[in-house]
Amino acid sequence: MAKRKKTQAPKKETSAITVADGLDSDVLDKLQAAKKELKKVEQENEEKLQAKRREERKEREANKSFEELLNEYEKKGTT
């Protein structure tokens, strides 16, 4: 039987080229500004959604019937 030679994988360079390296600084700045703006918009949308949910919860609580309120009171009293 013949011995097999171990083949070595080619070594990868540690300094990888990124997309940012190939872009002009003004284009990169514009992209970063757009990214910040997008994050800001997403955060505002999330805050609006949470406020809407709180408002809906308050509205449901205000519109509960006497029976629902009584059932909740009984559940709290037994625990």
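Taking all protein chains together, E55, E46 sort by accessible area into E55, E46, largest first [probe 1.4 Å]. In this simple spin-label approximation, Q43 and A20 carry label points 7 Å from Cα along the Cα→Cβ vector, and these lie 2.0 nm apart. For segment 23-77, the number of Lys pairs separated by eight or more positions or lying on different chains, with C-alpha atoms closer than 21 Å, is 14.
Subtracting the Cα-Cα distance of K36 and E74 from 0.36 nm times their residue separation leaves 8.7 nm of extension gain.
The values are calculated or read from the model by the stated rules, or taken from the named source; none is laboratory data. What you see is a predicted model, and the numbers here were worked out from it, not measured in a lab. Using ideal geometry, Cβ is built from the backbone for each residue, glycine included, and neighbour counts are taken over all protein chains shown. Heads up: the accessible areas ignore ligands, DNA and RNA and are worked out on the full protein's heavy atoms, side chains in. Shrake-Rupley method; radii C 1.70, N 1.55, O 1.52, S 1.80 Å.
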